[in-house]
């Protein structure tokens, strides 16, 4: 520091004008340099955010970017996929009869015996392919009824490459659900979620074995809830609709939420070609849970029956009945001797709630009744002659001969 002061002092002594001028120029240049340095340290504009896909390439282990955009479902799949299995079924079917008259002794005598004739009814083997979900560590598997319908032999391919024999615990055609059992313990399990909490627009993953290509994961959203397709022999339908691609072989497989919970059992597709066009249907987990528990405990499912034929209350019907709004269901017919008849329910009554739960349409009403055990007493809110009243009814038991679940 001292040497620098000495230098400046020497330059300022007369008659050294040249030195003074040089010092002045140096000072000006120094101030200019400082000004440039100062301007370069001003806050810069915020950088453009890196797209989420680039962030994931920089750090593949991070499923989310700094903006919170999910870039991978690998963690969800790794948790749930081991609990989804492939199901192979074998059944015997009769081939078409080729020589029908040879069963009659008269025609056999007339035409004579045919040594080289093929069997009258040849037995053929039919193979089926589907998927299933392990729901307990000791080997209970949930799948579709139509995957194992009529099967004489059932085998299950586990995710660890083991193939095991399975037995049918119980099957329920009205809900298209079945439960299988394999004799092994310590299995991975897919927990059942609450399908009532699922919202339209939620992301879901469909896992199964489409067309036998091997376990496959597809992604989509919940497109709608409470769907009734009429594609089954069907009975109790309350489908979750999804655009996650589902194809043949996905039946009985898992529809999974991003919370790694089972929210549906894939069951049907709507397609003119037989392939996925983005309209698939899954049985909601809450219905599957109720059916599964009964099949495991008793091998069959018991359902409540009210004994009415119900129709949706449209705007026109509401106007004719003098209602201020279209809500609930209108009773079009009462089955004689049914629970509804014993409770005094009449044709033309409008039922607006069951046990305090609002009734939206005939299908949801049917499912509400069916999910209630036979012999249970239910409370119905009924509009009759413009007045609201409470009616209590003790449910009978569902029989296929009556209107399903009503």
Practice task
Please specify each residue of region 307-334 satisfying the condition of being assigned to a loop (DSSP other than H, G, I, E, B), more than 35 Å from the chain's Cα centre (by Cα) and surrounded by 17 or more Cβ atoms within 10 Å (Cβ to Cβ).
Solution key: 323
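Determine whether residue 205 is more than 30 Å from residue 91 (Cα to Cα), surrounded by 15 or more Cβ atoms within 10 Å (Cβ to Cβ) and in contact with a helix residue (DSSP H, G or I) (Cβ under 7 Å, 6 or more places away or on another chain).
yes
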Fill in the blank from the handout: The correct count of residues that are out of contact with any helix residue (DSSP H, G or I) (no Cβ under 8 Å at 6 or more places or on another chain), touching a residue at least 24 places away in the same chain (Cβ under 8 Å) and assigned to a strand (DSSP E or B) in region 219-248 is 10
Exercise for the section: Run residue 96 past the list (1) surrounded by 10 or more Cβ atoms within 10 Å (Cβ to Cβ); (2) at pLDDT below 70; (3) outside any strand (DSSP E or B) and report the number of the one that doesn't hold. Expected result: (1)
Practice task
State which residue is nearest to residue 216 (Cα to Cα) when the search covers only region 249-274 and only residues that are out of contact with any helix residue (DSSP H, G or I) (no Cβ under 9 Å at 6 or more places or on another chain), surrounded by fewer than 18 Cβ atoms within 10 Å (Cβ to Cβ) and in contact (Cβ under 8 Å) with a residue 12 or more places away in the chain.
Solution key: 274
Problem - Sole exception among (1) crowded, with 19+ Cβ neighbours inside 10 Å; (2) not in a loop (DSSP other than H, G, I, E, B) for residue 165, by number - result: (1)
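The values are calculated or read from the model by the stated rules, or taken from the named source; none is laboratory data. Just so we're clear, the structure is a prediction, and the values are computed from it rather than from any experiment. Counting neighbours? That spans all protein chains shown, and the Cβs are built from the backbone with ideal geometry, glycine included.
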